[in-house]
Amino acid sequence: MDNRAELVGIQFLRGFCALGVVVGHCAAMIADPKYGGLTLLGGALESGSSGVDIFFVISGFIMSVVVLKGSDLRPRMTLSAYATRRFVRIVPMMWLAILSYALLQRGFARDAIDWAAYARAAFLIPYSYVKPDIIWTLRQELIFYSLFALSFFGPRASRWLLVAWVVSPIAYVAFLPSWGATTGYIDSPWSILFSSVNIEFGMGVGLGLFWNRMSPPSDWRLPVHPFIGIGVLLTAILAVYWCGGLISQTLPSVIFLGLCGTGLVLVSARSHCPQGWLTRLGGLLGDASYSIYLFHLHVLAGLLALRAKFAILPNAPLAILLAVLVATSSSILIHLLVEQPMTGWMRRALARRAKASPTGSQEQGRAPDAAV
């Protein structure tokens, strides 16, 4: 059994993390006076946005499992293939999301377009804020992918670059007002390069390296279907995070979410996932998680603006439920009708090109691709 093959439980986890982000952003938007100014459950639902922290752990894990092989951690593919696959997976859909968001803001909200912020987002420039805001996570992903490539496609000694980057937030936070200070929202090149979320990527990489050295593992059989179990575990982690009053992108929060996320990724990867509709639903949510993440704000902003303008759905919990369902369903349709055909076509074209090249190299087997 290939340790990389069919990590179905990881797809469940990715789907739930994306749903958490949708719920968190929807709750935060309804709390904004622009959309009604109502805070529900003391802001507990907004903790769903911390699903992105678990995404960072997943990225570190998947990159290690998919890209590396053997006890000496040699790459399974060429550097060119690695970079191309990352580009195909992330950039075209990201550009589509950025462009469509800018057009919606200009056409319906009548907001002036902040060209500099959109340009920084389009090219993932590690400086200042970006528009839409969610692109900040992809900027962190790009830094991780770059350091991962330098560390494992270069000389063996260069692997210490990744280690130094993972622990760098500790040194950076020492220069902030307190050890509990957040590295988020500063938007300087240093705060972006030495973000506290580096630690979460590192924990995922560590789990992936451990996974690669294991003999092919036997599946764990949870007392409930993994789709339910993983969802409950993630909800419990986010509830403890909120109850503990942790602040996003601080050392305490990334250590807590990183450790919990690492355990949850391990449970997800090892869980036996029987055939059935729950497994198909979880797989669909996981497959669509990138589109859900990229496009949910488009739908939420439109729906909540209509709610505020026409004073409809005064029941805020019902409004959140419906907005989350519509935003998620719409994003799944984008995945099925746009992302899946486009990335599939590009991957097939690259596969034909690789076959024609005597030096072409692609990894074999199927495992979830990494992206927030």
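The values are calculated or read from the model by the stated rules, or taken from the named source; none is laboratory data. For clarity, every value in this text was computed on a predicted model and none was experimentally measured. Using ideal geometry, Cβ is built from the backbone for each residue, glycine included, and neighbour counts are taken over all protein chains shown. Note: accessible area is taken over every heavy atom of the protein model, side chains too, but ligands, DNA and RNA are not part of it. Shrake-Rupley method; radii C 1.70, N 1.55, O 1.52, S 1.80 Å.
Looking only at residues of the stretch 183-204 that are of a type outside the set (Gly, Ala, Ser) and touching a Gly at 6+ places or on another chain (Cβ under 9 Å), we find that the one that is surrounded by the most Cβ atoms within 10 Å (Cβ to Cβ) is GLU200. Any residue at all in the stretch 143-157 that's buried (at least 18 other Cβ atoms within 10 Å of the Cβ), modelled with pLDDT of 95 or more and under 18 Å from TYR101 (Cβ atoms)? No: the stretch 143-157 contains no residue that is buried (at least 18 other Cβ atoms within 10 Å of the Cβ), modelled with pLDDT of 95 or more and under 18 Å from TYR101 (Cβ atoms). Apart from one condition, PRO92 fits all of (1) under 26 Å from ALA28 (Cβ atoms); (2) touching a helix residue (DSSP H, G or I) at 6+ places or on another chain (Cβ under 9 Å); (3) at pLDDT 95 or above; the exception is (1). Scanning the stretch 63-90 for residues that are of a type in the set (D, E, K, R) and closer than 23 Å to ALA121 by Cα returns ARG85, ARG86, ARG89. Out of the residues in the stretch 127-142 that are buried (at least 18 other Cβ atoms within 10 Å of the Cβ) and either of a type outside the set (D, E, K, R) or in contact with a His (Cβ under 6 Å, 6 or more places away or on another chain) (or both), state the one that is farthest from SER168 (Cα to Cα). Restricting to residues being buried (at least 18 other Cβ atoms within 10 Å of the Cβ) and either of a type outside the set (D, E, K, R) or in contact with a His (Cβ under 6 Å, 6 or more places away or on another chain) (or both), the top hit is PRO132.
Residues in the stretch 352-362 that are within 20 Å of VAL67 (Cβ to Cβ) and in a helix (DSSP H, G or I) were compared, and the one that is modelled with the highest pLDDT is ARG353.
Residues are listed down the side, and each one gets a yes or a no for (1) under 22 Å from ILE135 (Cβ atoms); (2) open to solvent by less than 30 Å² (accessible area, probe 1.4 Å):
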residue	(1), (2)
GLN11	no, yes
VAL21	yes, yes
ALA27	yes, yes
PRO33	no, no
GLY37	no, no
LEU41	no, no
GLY48	yes, yes
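The residue that is farthest from the chain's Cα centre (by Cα), counting only those in the stretch 205-241 that are among the β-branched types (Val, Ile, Thr) and within 25 Å of LEU45 (Cα to Cα), is VAL224.
Please pick out the residue among GLY202, GLY244 that is among the small types (Gly, Ala, Ser) and either at pLDDT below 95 or more than 20 Å from the chain's Cα centre (by Cα) (or both). On inspection, the qualifying residue turns out to be GLY244. Counting the residues of the stretch 77-102 that are without any contact (Cβ under 8 Å) to a residue 24 or more places away in the chain and either closer than 15 Å to LEU350 by Cβ or open to solvent by less than 20 Å² (accessible area, probe 1.4 Å) (or both) gives 3. Among the residues of the stretch 126-156, just one is closer than 18 Å to PHE56 by Cβ, over 18 Å from the mean Cα position of the chain (by Cα) and among the hydroxyl-bearing types (Ser, Thr, Tyr), namely SER151.
Output yes when any residue across the stretch 107-116 is in contact (Cβ under 8 Å) with a residue 60 or more places away in the chain and either closer than 21 Å to LEU284 by Cβ or surrounded by fewer than 19 Cβ atoms within 10 Å (Cβ to Cβ) (or both), and no when none is. For the stretch 107-116, residues in contact (Cβ under 8 Å) with a residue 60 or more places away in the chain and either closer than 21 Å to LEU284 by Cβ or surrounded by fewer than 19 Cβ atoms within 10 Å (Cβ to Cβ) (or both): present.
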